[in-house]
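Asks: Please see the structure below; I have some questions.
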Amino acid sequence: MFMQIVELRRENMLTLKGKVAIVTGASRGIGKAISRSLAEFGVNLALNSRSLDQLEAMKEEFKGLNIDVLSCPADLSDPEACVKIIEKVVQHFGGIDILINNAGIAVPKSLSETTVNEWDMHMAINARAPFLLSREALPYLKKSDMATIINISSVVGYKGYINQGAYTASKHALMGMTKVLAQEVFKDNVRVHIIAPGGVATDMVTKTRPDLDESMLATPQEIADVVMFLLTHRGNAVIDEINIRRFSNTPWK
């Protein structure tokens, strides 16, 4: 049995080579770690962030890995940008196999101080963009034998913390959308997963929770490793949701 599991994982690792993955929020933090891991597995990449310079630097970094990297700079708060990204990727690669909805924003404010624009921006980037990208990518994902959507949520996707009201609401929305999407595309062999990390050592967490000891936080690479586990273990057992806590947090809370 053990050897069968090892062989299945080896086959899936080989199957990833040459596939096409879109990663949003790819220029730093969790997105960058996911992109690097995918690149090391031979996956061709369409990378999104707002900074073309940072994307081009990543493209240069991956040059020796014999993969094709497409820069897709865009502000995901613009709904048209999501449509154009999918069009650009399909025109360049001919198809899509994996979509990683990772981009997100978090402005630490009480709800009484949160502006309408800040609320709308959280919803646009954290919830609407994954919906639009998934919707536009689905016709192409349905043609893939590795069709996968992975949404990066947060512990606030199922909990609530003060001064994170807009962020919490947007991640709850992402969680709900993911649950429905997974059911709707199940028949098309498109697997939809959501990962909900607690504190991760990223710029976003440092700004929203400066009280946390960074040495006790999960690393972006640890989240990337979970993504790669999902992609390389495409057997009969399917994981819908993974919740990850930082080591310093009490279990089951």
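The values are calculated or read from the model by the stated rules, or taken from the named source; none is laboratory data. Computed from a predicted model, the values in this text were never measured in an experiment. Ideal geometry is used to build each Cβ from the backbone, glycine not excepted, and the neighbour counts take in all protein chains shown.
Asks: Take the range 77-106 and flag every residue that is surrounded by fewer than 19 Cβ atoms within 10 Å (Cβ to Cβ) and of a type in the set (Val, Ile, Thr).
Replies: Residues satisfying the conditions are Val83, Val90, Ile105.
Asks: Suppose the filter is buried (at least 19 other Cβ atoms within 10 Å of the Cβ), touching a residue at least 40 places away in the same chain (Cβ under 8 Å) and either touching a strand residue (DSSP E or B) at 6+ places or on another chain (Cβ under 6 Å) or assigned to a loop (DSSP other than H, G, I, E, B) (or both); does Ala182 pass it?
Replies: yes
Asks: Going by what's in this entry, would Val205 be described as modelled with pLDDT under 95 and buried (at least 16 other Cβ atoms within 10 Å of the Cβ)?
Replies: Judged against the criteria, Val205 is a match.
Asks: Could you run through the range 137-153 and say how many residues are in contact with an Asp or Glu (Cβ under 8 Å, 6 or more places away or on another chain), of a type outside the set (A, V, I, L, M) and assigned to a helix (DSSP H, G or I)?
Replies: Residues meeting the conditions: 0.
Asks: Another question, if that's okay. I'm told Ser27 meets every condition in (1) closer than 19 Å to Asn102 by Cα; (2) among the polar types (S, T, N, Q); (3) at pLDDT 95 or above except one. Can you identify the failing condition by its number?
Replies: It fails just one condition, (3).
Asks: Any idea which of (1) at pLDDT below 95; (2) under 15 Å from Asn48 (Cβ atoms); (3) of a type in the set (A, V, I, L, M, F, W, C) is the one Val107 doesn't satisfy?
Replies: (2)
Asks: Here is a check on your reading of the model: is Asp240 out of contact with any Asp or Glu (no Cβ under 7 Å at 6 or more places or on another chain) and at pLDDT below 80? I'd like the intermediate steps shown before the answer.
Replies: On the way: out of contact with any Asp or Glu (no Cβ under 7 Å at 6 or more places or on another chain): yes; at pLDDT below 80: no.
For Asp240, the condition - out of contact with any Asp or Glu (no Cβ under 7 Å at 6 or more places or on another chain) and at pLDDT below 80 - is not met.
Asks: When the range 23-70 is examined, which residues are found to be of a type in the set (Ser, Thr, Tyr), surrounded by fewer than 22 Cβ atoms within 10 Å (Cβ to Cβ) and not in a loop (DSSP other than H, G, I, E, B)?
Replies: Residue satisfying the conditions is Ser37 alone.
Asks: Check Val156 against each of (1) under 22 Å from Val23 (Cβ atoms); (2) in a helix (DSSP H, G or I); (3) modelled with pLDDT of 95 or more; (4) hydrophobic (A, V, I, L, M, F, W, C) and name the one condition it does not meet.
Replies: (3)
Asks: Right, something else. Would you say Val89 is among the β-branched types (Val, Ile, Thr), part of a helix (DSSP H, G or I) and modelled with pLDDT of 95 or more? Explain how you work it out, then say what you get.
Replies: Details: among the β-branched types (Val, Ile, Thr): yes; part of a helix (DSSP H, G or I): yes; modelled with pLDDT of 95 or more: yes.
Considered against the rule, which asks whether it is among the β-branched types (Val, Ile, Thr), part of a helix (DSSP H, G or I) and modelled with pLDDT of 95 or more, Val89 comes out as yes.
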